[in-house]
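Single-structure report; data block below.
The values are calculated or read from the model by the stated rules, or taken from the named source; none is laboratory data. Here the structure is a predicted model, which means the values were calculated and not measured. Using ideal geometry, Cβ is built from the backbone for each residue, glycine included, and neighbour counts are taken over all protein chains shown. Accessible surface areas use protein heavy atoms only, side chains included; no ligands, DNA or RNA. Shrake-Rupley method; radii C 1.70, N 1.55, O 1.52, S 1.80 Å.
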Amino acid sequence: MMRQQFDRDIRSLDAVFSFLHRFAEEEQLDARASYVLDLAVEEFFTNIVKYGRGTSSDVFLEAVRSGGTATVRLEEQTSVPFDVTRATQAQFDVPFAERKPGGLGIHIAREMLDGLAYEYVDGKSRITLTKHLET
């Protein structure tokens, strides 16, 4: 298992990607799983930075491989929970010019991942991403 703390800042993305690439290399993740985890973590980390309310705490990433599954968890201290599994769905049944912004990044991540879970416990928001590995 790998765990690292990151500043709640968009400039931390390079360090986040370095962390994910180290994890992928050490755990010998296939290219597709590595790509999906990069994309999904970028989406959720960016949302934490962009929309985080009432806190300036750091964001923790934890990554672990268990058999044929890779799991990455993003954790932040916050007073305002936001359940990403209940986020507004992207509007595909509305003409592009009439669509409201938001929801597309979470939708894409959700579609590419094999699991997305959220929990809020003791002031901590946790987003857990799972991806099955190719064998």
Single match in R22, R65, R3 (criterion: charged (D, E, K, R), closer than 15 Å to R126 by Cα and at pLDDT 95 or above): R3
Long-range neighbours under 7 Å by Cβ, at least six apart or interchain, first residue closer than 17 Å to S66 by Cβ within the range 124-135, second assigned to a loop (DSSP other than H, G, I, E, B) and open to solvent by 70 Å² or more (accessible area, probe 1.4 Å): T130/D114; K131/D114; H132/D114
Extreme residue, nearest to H132 (Cα to Cα), among residues of the range 44-54 that are in a loop (DSSP other than H, G, I, E, B) and open to solvent by 40 Å² or more (accessible area, probe 1.4 Å): R53
Qualifying positions in the range 8-43 - β-branched (V, I, T) and either touching a Cys at 6+ places or on another chain (Cβ under 8 Å) or open to solvent by 50 Å² or more (accessible area, probe 1.4 Å) (or both): I10
Residue selected from the range 61-88 under the condition polar (S, T, N, Q), open to solvent by 70 Å² or more (accessible area, probe 1.4 Å) and in a loop (DSSP other than H, G, I, E, B), by the criterion nearest to A109 (Cα to Cα): T88
